[in-house]
Structure formats: C-alpha cells, structure tokens
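Input: a single structure, listed below in structure tokens.
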Amino acid sequence: MLGPGPIVGYNALPTIWTGTSGPLEYNFAAAVQTPDIQRMGVGRIVTYRQWGFEVGYLPPGPPQLWARGPDQPWGLGNDSTELDDYDQHQSPADASEVLRSWDVQRCVAIPAATIVPTGVLFELVRFDRVPSAAVAVLENLPHIIESAVALDDAGQPQFVYSNLNGEEPCRTSLVHPNPLVAPLTWRWHVTATEVSTTGGQLSPLAGPTVPAAIEGDDLVRPWADLRYGTAVRWGGDWQIVVRPRVVVRYWVEFFGPTNRYELRVGARLSGYTQLGGRRGAAIDAATTRTH
C-alpha cells in the first residue's frame, strides 16, 4: 500500500493515500465492496472515487475536473461548467447523460413434448443490465407466436394456425381441431430482477421449467392474450420506467395437453438508458411522457 504524498514523476496522476477516504484503485478491499453508484457519483457531485483526485488537484487536458471544497472530496461540483462545455462543444456523443439505445430479440422453439396442463415456462429474452445511477425506459415489448401447429394422435401436423402476431389482440387460446383435445392457453410476463452491484454472473435463460420459476418484480401486469403483438399499434410506444441495477426479462407460459401443439415463439425488448448527471436529463426521461 502506498502512503500519503504525491506521485513522483509524470504529473498527470492524482495523489495516492491510504484509508477509507483514499482512492479505490489503491484499496482493493474497499473497491470490491463499493457499489457502482458510489464509484460514479449521483446528484450534484460527479465523483471520481476510483482514482481520487485530490482537493485542489488539476489534471491536464479536457475535461478539467477538480473539487470545490471539503464537502466535495472528489470530482466536479455543479457550480463548474468545464465538463458541460466539453460535452456540448467537443464530444456530445460521450456526454454522461447521453441516450444509449438497446434492442434485444430472441425466438424459441417449444416442442410439443414439453407442454403440460400445469404449465411450462420459457424465458424468451432479457436486457442485461440497467447501469447504476441510471434510468432505463422500456419502449417496445412486442411478442409473436411465429408458428403454431396442432398435432394428431400420431404427432403429425393436423392444422396450422394464423394471425397470431397481434392482429387478434383479444385471442386467449388455440382450439384444437379434435374436440376431445383441450385448448392451448398462455400467459406473458415482463419482470425486473435485482443484480449485484459488484458483478457476478446471471443464470442462463430459463426453460423449459415450471411456472413457479419466474423471477423478479412485474414491470407490466401479466397478461393472457395477444395484445402486445408485432403490430406496432399494440406492442410499441410504451414508456415503462425501469430502476437501476436490474435485468429486464420477458417470459411466456403455455398450458395444454402434451404432444398436441408445436410452437415457435419470439419476443423483443427495446428502449434506452440514461445516466444521472448535472443537467437532470434522466429525471426528465423518467417523468415526462415523450410519445
């Protein structure tokens, strides 16, 4: 561990010191236990705790970052305009409050043998993950039953269904051509699952598994029809606010007789994330309807 005092030599690094008030770069134990939000800063102070710019220290080159008194031991106070000037005139695409779009999609084949009357669950797609000190806005959540085939007693195709992409938003089941075979029903979920601030791996996408395996808090109340199909008027123009440090996950459950329905299903999640900062753009994204 390096002790107090300036670095000798190249004059482009901050002072290094020990203790709980020192830079995280030189205190591994503190670094691994420090949430991302404390590394990045939030509200009126943009912190640089990772390296710990000393009060009064002026690193060379734009943007000029320095502290503004003992109550701001790292970073740049909101009374300074240097970083704003840099964002506006030199590198707007790198601004801390820039909109960063995301768009994820996935299709899943659901074999007839996996469907059971008590339900089978598949996680279709996920967005990993909403950064700390940020807001995410989910704008699109369409789904599609891309193909659905009713099978006969021998497992051969008997009937192919159509119009399952949102053009029939109130559709809640598929009726088998054999009146002795029970219908197929479904339920969709979009959830937010908390993740560790210090990293760690997420579980693989779930399925096939039991419906009780759904994780997270509902972002949208679960629905049992085709209202959010691929037709834009059903699945788009949402503005669902998602909190930091979560993974957004899209699930589907199917309920029906085994070996009588063969399916291929897809879903899409898209929107944007925005970090908090001095200009307050993220609070606008979270509180102002833009559509």
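Output yes when any residue across segment 184-199 is acidic (Asp, Glu), at pLDDT 90 or above and more than 14 Å from Glu262 (Cα to Cα), and no when none is. Within segment 184-199, none of the residues are acidic (Asp, Glu), at pLDDT 90 or above and more than 14 Å from Glu262 (Cα to Cα).
Results for (1) in contact with a helix residue (DSSP H, G or I) (Cβ under 9 Å, 6 or more places away or on another chain); (2) of a type in the set (Phe, Trp, Tyr); (3) surrounded by fewer than 15 Cβ atoms within 10 Å (Cβ to Cβ); (4) within 24 Å of Ser96 (Cα to Cα), shown as yes or no for each residue.
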| site | (1), (2), (3), (4) |
| --- | --- |
| Ser132 | yes, no, no, yes |
| Val135 | yes, no, no, yes |
| Ile145 | no, no, no, no |
| Asp153 | no, no, yes, no |
| Arg171 | no, no, no, no |
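Is it the case, given these coordinates, that Gly277 is part of a strand (DSSP E or B) and not hydroxyl-bearing (Ser, Thr, Tyr)? So Gly277 fails the test. Being of a type in the set (S, T, N, Q) and not in a loop (DSSP other than H, G, I, E, B), is that true of even one residue in segment 134-148? Checking segment 134-148: at least one residue is of a type in the set (S, T, N, Q) and not in a loop (DSSP other than H, G, I, E, B). When Arg264 is tested against (1) in contact with a strand residue (DSSP E or B) (Cβ under 6 Å, 6 or more places away or on another chain); (2) free of Cβ contacts under 8 Å to residues at least 24 places away in the same chain; (3) of a type in the set (D, E, K, R), just one condition goes unmet, and that condition is (2).
Does Leu269 satisfy the condition of being within 13 Å of the chain's Cα centre (by Cα) and closer than 30 Å to Ile115 by Cα? So Leu269 passes the test. Of note, Leu205 does not satisfy the criterion of being surrounded by 18 or more Cβ atoms within 10 Å (Cβ to Cβ), in contact (Cβ under 8 Å) with a residue 60 or more places away in the chain and in the same structural domain as Val252 (by TED's automatic domain parsing).
The values are calculated or read from the model by the stated rules, or taken from the named source; none is laboratory data. Keep in mind the model is a prediction, meaning the values are calculated, not measured. Here the Cβ is made from the backbone with ideal geometry for all residues, glycine too, and neighbour counts use every protein chain on show.
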